[in-house]
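Structure record follows, encoded as structure tokens.
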Amino acid sequence: MDSETLDRLVLDDRAQGSFRVHRQAFVDPAILELERRAVFDRCWLYAGHESEFAAPGDFVTRKIGGRPLILVRDRQGAVRAFLNSCPHRGNLVCREGRGTARVFTCFYHAWSFNLDGGLAGLPGEESYTASFDRAAMGLRPVPRMESYRGLVFVCFDADAVDLATYLGRARERLDWILDFGDQDVEIVQGAQAYSMRANWKLLVENSIDGYHAMATHQRYFRQYLPDLGMDSAAAVMPRHDTQGVELGNGHAVTEKPKLPAPLMTNAKEELAAIRADLERRFGPERTRMIAEFDRNLFIIPNLILISTWRTLRTFYPVAPDYMEIDSWALLPRSDSAEMRQKRFQNFIGFLGPAGFGTPDDVSGLEGCQRGFATVKEMPYSDISRGMGRARPTLIDELQMRAFWRRWHALVRGQTGPTDCADRPQDAVAAE
């Protein structure tokens with residue numbers, strides 16, 4: 001794809017406050033192939049949480065960045081990530097979604113592998129010549145794997161920056177989400193897995209888009225919340241204490257004050273105890289940031305953490321107009337049975353397959369994808385809302401522009417830092 005075509009995919013006029021994205025980015029198979037090389041093969045990708053494979057031999061299998069992986073604890077308790085492909089003839093070595101194993105054995109020819117990836121045995125080894133290099137025939141580890149506070153990431157670029165550097169300013173918001181509730185969180189067993197006939201970047205936008213909430217989720221905000229005795233308008237109004245924030249290199253967050261929710265008496269007491277423990281550990285100001293705000297935190301390219309529903313979500317493109325989505329509940333390990341049930345109900349009630357939110361979003365994004373059939377006559381989408389504000393609110397679109405600016409840099413081969421702010425940093429520094 002020539003540079004002129006790539007350049008016109010995003011028209012970013014910061015001086016005039018105009019930002020447009022060419023709809024070719026949502027429909028062109030050539031752009032998807034470019035994204036696979038320039039985005040998913042270069043960025044750090046969330047793979048799982050250490051609580052999902054907590055003991056030696058525990059494992060989960062995932063498809064990450066188009067590759068099947070095995071995430072496992074070795075005998076010493078270290079986390080390992082291997083490509084789930086037999087070095088013999090390529091078959092999947094592990095075909096279960098999760099479990100506990102002492103070795104992994106490929107069902108095709110019964111080659112077996114230790115938890116550290118080494119070749120444990122194979123039938124008829126005496127049939128090979130002296131050139132057979134046993135040490136080279138183990139499971140192949142991913143090029144890079146690192147954890148941040150139990151969140152396991154992998155990267156298929158051996159030369160990528162370390163994970164902490166990659167997360168950058170997003171780490172603070174990530175800490176605030178992980179700190180709430182307890183010093184230890186866990187992925188609850190089970191997951192939501194579904195698909196959508198829409199481009200994956202539409203779900204990036206949707207996940208950090210406060211502007212659509214009241215229009216798209218009217219049943220939730222205008223009926224369900226009032227039935228619970230809550231102020232639905234306060235959930236999405238652009239108050240001074242709501243904001244969308246770009247966190248550098250495409251990461252972004254929306255945040256708003258947490259709404260008080262009706263809870264059973266014991267749950268209220270438990271939340272009060274959690275709040276007191278937070279203040280003891282972190283002091284009043286950091287506790288306020290942890291406990292009093294709801295956040296949708298986006299880690300480029302495809303990880304969303306939604307604090308309101310204690311959710312992690314990833315999504316990968318299969319085709320320009322089709323993606324697969326996985327979602328997990330990340331909950332405090334020390335929750336009482338009552339609190340755990342409340343969080344389950346909260347998680348499933350909005351983001352579940354029959355919840356108030358997910359079906360609405362699927363319908364909306366699939367509608368956008370169908371509308372992109374008019375790309376020749378209507379080539380651009382507008383993402384300019386809030387460009388004139390010094391402090392954009394959560395119903396503005398700075399957070400989406402931050403993603404698109406980094407995306408645009410990556411697909412054009414620019415791998416260094418990207419200025420994703422509405423006002424260039426040199427202009428800000430000159431003021």
* Asked: Just for region 10-53: of the residues that are without any contact (Cβ under 8 Å) to a residue 24 or more places away in the chain and not acidic (D, E), which one is nearest to V185 (Cα to Cα)?
  -> R37
* Are there any pairs, at least 6 apart or on different chains, whose C-beta atoms fall under 6 Å, with the first in region 402-416 and small (G, A, S) and the second buried (at least 20 other Cβ atoms within 10 Å of the Cβ) and not in a helix (DSSP H, G or I), and if so, which? -> A402/E246; A402/G250; A402/A252; A402/C420
* Structure fact -> Residue hits (region 291-308; crowded, with 21+ Cβ neighbours inside 10 Å and part of a helix (DSSP H, G or I)) are S307
* Structure fact -> Per the list (1) open to solvent by less than 50 Å² (accessible area, probe 1.4 Å); (2) of a type in the set (S, T, Y); (3) within 22 Å of the chain's Cα centre (by Cα), residue check on S381 breaks on (3)
* Could you say which residue among G413, G388, G352, G364 is open to solvent by 60 Å² or more (accessible area, probe 1.4 Å) and not polar (S, T, N, Q)? -> G388
* Asked: A158: surrounded by fewer than 13 Cβ atoms within 10 Å (Cβ to Cβ), assigned to a loop (DSSP other than H, G, I, E, B) and free of Cβ contacts under 8 Å to residues at least 12 places away in the same chain, yes or no?
  -> no
* Would you check if there is a residue in region 22-45 being modelled with pLDDT of 95 or more, open to solvent by less than 10 Å² (accessible area, probe 1.4 Å) and closer than 30 Å to R102 by Cβ? => yes
* Among the residues listed as G229, G248, the single one being part of a loop (DSSP other than H, G, I, E, B), modelled with pLDDT of 80 or more and not hydrophobic (A, V, I, L, M, F, W, C) -> G248
* Asked: Which members of region 132-151 meet the condition of being open to solvent by less than 50 Å² (accessible area, probe 1.4 Å) and either aromatic (F, W, Y) or assigned to a loop (DSSP other than H, G, I, E, B) (or both)?
  -> F132, G138, L139, V142, Y148, G150
* Name the pairs whose Cβ atoms lie under 7 Å apart, with the first residue in region 203-220 and of a type in the set (F, W, Y), the second at pLDDT below 95 and not in a loop (DSSP other than H, G, I, E, B), and 6 or more positions between them or separate chains? -> Y220/F350
* Pick from region 334-349, criterion touching a residue at least 12 places away in the same chain (Cβ under 8 Å) and under 22 Å from G97 (Cβ atoms), ranking: surrounded by the fewest Cβ atoms within 10 Å (Cβ to Cβ) -> F344
* Asked: For region 83-129, how many residues are hydrophobic (A, V, I, L, M, F, W, C), open to solvent by 50 Å² or more (accessible area, probe 1.4 Å) and more than 31 Å from the chain's Cα centre (by Cα)?
  -> 1
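Every residue, every condition in (1) in a helix (DSSP H, G or I); (2) farther than 24 Å from L247 by Cβ, yes or no:
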| residue | (1), (2) |
| --- | --- |
| R288 | yes, no |
| L312 | no, no |
| V362 | yes, yes |
| L365 | yes, no |
* Asked: Right, G283: of a type in the set (G, A, S) and more than 18 Å from I177 (Cα to Cα) or not?
  -> no
* Asked: Just checking, which of P353, P424, P417 is modelled with pLDDT of 90 or more and out of contact with any Asp or Glu (no Cβ under 9 Å at 6 or more places or on another chain)?
  -> P417
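Residues being of a type in the set (V, I, T) and surrounded by fewer than 13 Cβ atoms within 10 Å (Cβ to Cβ): count how many of those fall in region 1-21.
0
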* Do the conditions hold for R423, that is, is it without any contact (Cβ under 8 Å) to a residue 60 or more places away in the chain and either open to solvent by 50 Å² or more (accessible area, probe 1.4 Å) or over 20 Å from the mean Cα position of the chain (by Cα) (or both)? -> no
* Asked: If we scan region 337-345, do we find a residue that is closer than 27 Å to G150 by Cβ and touching a Gly at 6+ places or on another chain (Cβ under 7 Å)?
  -> no
* Of all residues in region 164-202, how many are in contact (Cβ under 8 Å) with a residue 40 or more places away in the chain, more than 13 Å from I306 (Cα to Cα) and basic (K, R)? -> 3
* **Residue list for region 69-82, filter: assigned to a strand (DSSP E or B) and either open to solvent by less than 50 Å² (accessible area, probe 1.4 Å) or more than 12 Å from L139 (Cα to Cα) (or both)** => L69, I70, L71, V72, R73, V79, A81, F82
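Hey, among the residues in region 188-202 that are small (G, A, S) and in a strand (DSSP E or B), which one's nearest to A25 (Cα to Cα)?
Residue satisfying both the conditions and the ranking: S195.
The values are calculated or read from the model by the stated rules, or taken from the named source; none is laboratory data. Just so you know, these numbers come straight off a predicted model, no measurement behind them. Note: ideal-geometry Cβ built from the backbone for every residue, glycine included; neighbour counts use all protein chains shown. Side chains included, ligands, DNA and RNA excluded: accessible areas come from the protein's heavy atoms. Shrake-Rupley method; radii C 1.70, N 1.55, O 1.52, S 1.80 Å.
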